[in-house]
Amino acid sequence: MNSPHALQPETVAIKPPGLMHGVILGAFCLGFGLVLAVTDRLTLDDIAARALEDRQNSLAQVIPTTLHDNNPVTDTLLMKNAHGREITIYRARKAGRVTGVAYEIHGTGYAGEMKLMLGLSADGKVLGVRVLAHKETPGLGDKIEVKKGDWILRFNDLSLGNPPAERWKVKKDGGQFDQFAGATITPRGVLAAIRDGLEFFAANKTALTEAK
């Protein structure tokens, strides 16, 4: 017989397996999310730092350091060009006076859009042009890169009036400048971009060079 004083089995509360799994999964997702957030922040900071460094390098090639005592990367002005594209103007100053500007220009090559940086003095002379991005054919169209040849350097010290706007073309189109053997479309696109950049400066010279 069972004694009235016999010990009753201890009741143990057992959590449903589904609830325990949910807690574990939630903790894992939270931890993973935190890791992703930290990694993403670090990655974004690194990307931003590299982008800033690339921009400084690009500007240094089209605006001589002797022309400024400021940092053109941070002295900027937003404007729209004749095509409605918003562009960032980087301004070089010395003793508070604007001595030069630089901005991106765009042309169409054989394989698509080409992006370049154009640097101009305060009186509109070309300080330098450098290719930032393109998809042109290696060995042909890529001669627009300064590391592949000196073609891109021939525009230095020229301006919209030297030569006149209608001469800012390749010789094949009645202009002043050589094209590449076997590749006319690429230099044609570069020259059209430079001409557009020079015309933009001429139309907005006061706004670009005023010492605000």
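Quick notes on this one:
- Of all residue pairs spaced 6 or more apart or on separate chains, those with beta-carbon atoms under 7 Å, a first member in the range 158-170 that is within 14 Å of Ala192 (Cα to Cα) and free of Cβ contacts under 8 Å to residues at least 40 places away in the same chain and a second member that is of a type in the set (Gly, Ala, Ser) and open to solvent by less than 30 Å² (accessible area, probe 1.4 Å) are Ser159/Gly124; Arg167/Gly175; Trp168/Gly175; Lys169/Gly175.
- Residue within the range 145-155 that is over 18 Å from the mean Cα position of the chain (by Cα), surrounded by 20 or more Cβ atoms within 10 Å (Cβ to Cβ), closer than 25 Å to Gly182 by Cβ and small (Gly, Ala, Ser) present: no
- Matching residues in the range 55-78 - criterion: being of a type in the set (A, V, I, L, M, F, W, C) and within 16 Å of the chain's Cα centre (by Cα): Leu59, Ala60, Val62, Val73, Leu77, Leu78
- Hits in the range 178-195 (condition: open to solvent by 80 Å² or more (accessible area, probe 1.4 Å) and modelled with pLDDT of 95 or more): Arg188
- Residue match in the range 164-177 (condition: closer than 17 Å to Leu59 by Cβ and either modelled with pLDDT of 95 or more or out of contact with any Pro (no Cβ under 9 Å at 6 or more places or on another chain) (or both)): no
- One residue from Gly124, Gly141, Gly107 being at positive phi and in contact (Cβ under 8 Å) with a residue 12 or more places away in the chain: Gly124
- Val12 meets the conditions (1) under 35 Å from the mean Cα position of the chain (by Cα); (2) of a type outside the set (Gly, Ala, Ser); (3) modelled with pLDDT under 60; (4) open to solvent by 80 Å² or more (accessible area, probe 1.4 Å) in every case but one. The failed one is (1).
- Complete set of residues in the range 196-212 that are within 13 Å of Lys80 (Cα to Cα) and exposed (fewer than 15 other Cβ atoms within 10 Å of the Cβ): Ala203, Ala207
- Criterion (closer than 30 Å to Thr76 by Cβ, more than 24 Å from the chain's Cα centre (by Cα) and not β-branched (Val, Ile, Thr)) met by exactly one of Gly161, Gly175, Gly182: Gly161
The values are calculated or read from the model by the stated rules, or taken from the named source; none is laboratory data. The structure presented is a predicted model; accordingly, all values stated were derived computationally and were not measured. With ideal geometry, Cβ positions are generated from the backbone for all residues, glycine too; neighbour counts draw on all protein chains shown. Ligands, DNA and RNA are stripped out before the accessible areas are found, and what is left, the full protein with its side chains, is counted by its heavy atoms. Shrake-Rupley method; radii C 1.70, N 1.55, O 1.52, S 1.80 Å.
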